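Visitor: Take a look at the following structure, please.
The values are calculated or read from the model by the stated rules, or taken from the named source; none is laboratory data. Everything numeric here is computed off the predicted structure, so don't read it as measured data. Cβ placement follows ideal geometry from the backbone for every residue including glycine, while neighbour counts extend to all protein chains displayed.
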Amino acid sequence: MKKEYATLSDEALAVRVQLGEAAAAEELFRRYEGLLARARRYGRLADEAQSAALVGLWEAARGYDEARGVPFAGFAKAKVRAALRALVRGEQRTAAREEGGEAGRIYLESLPDPRGERREIEERAAFDDRLQGLAPRAKQLLWLLFGENLTQREAAARLGMSQQAASAMKRRALEKVRAGMRI
């Protein structure tokens, strides 16, 4: 591994990974071993979780856009968590199909939860489910506002609507999401 990679920022390494530099990928994966190690805590799913975490980190490196000004560490953590959440949800669905509706919940509860991550995964999965009830344009607006951190004016321009219309759509969408939450 080249010594120059050790002095680069995570953001710079991600850019080099996108350019196809294998040594940059090795260094980035080395730096995030702790994040990847969390996947080993998933008991029976440890091997699958480790693979999902690696894929999540790889996707983060390949999809990182330095121009957005988002720190790579947060972006990578979100991608790895999303990959693990998708794995657990897939396992829940499989168990539910094979054993009945309650089986998925029981299976999830059987997994180890050393840091309370199961609750976070359940909450995020429930939030994702609530978003499914929204119109595609409303989901797109929420993504632009919260996922890409655009202003209402910028998001409205991308969607071809006024800032006022975006504000009203955001309010209605969030009301629908809140209605499905237990607060």
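Visitor: Please verify whether Arg137 is in a helix (DSSP H, G or I) and at pLDDT 85 or above, treating the condition exactly as stated. Outline the logic, then answer.
Guide: Values: in a helix (DSSP H, G or I): yes; at pLDDT 85 or above: yes.
Spelling it out, Arg137 is indeed in a helix (DSSP H, G or I) and at pLDDT 85 or above.
Visitor: Given the structure, is Ala6 farther than 26 Å from Glu148 by Cβ, small (Gly, Ala, Ser) and part of a helix (DSSP H, G or I)?
Guide: Numbers: farther than 26 Å from Glu148 by Cβ: yes; small (Gly, Ala, Ser): yes; part of a helix (DSSP H, G or I): yes.
It is true that Ala6 is farther than 26 Å from Glu148 by Cβ, small (Gly, Ala, Ser) and part of a helix (DSSP H, G or I).
Visitor: How many residues are at pLDDT below 85 and either in contact with a Pro (Cβ under 8 Å, 6 or more places away or on another chain) or assigned to a helix (DSSP H, G or I) (or both) when one looks only at region 146-175? Step through it out loud before you land on a result.
Guide: Let us first name the residues in region 146-175 that are at pLDDT below 85, namely 146-150.
Still in the list and also either in contact with a Pro (Cβ under 8 Å, 6 or more places away or on another chain) or assigned to a helix (DSSP H, G or I) (or both): 146-147.
Number of matching residues: 2.
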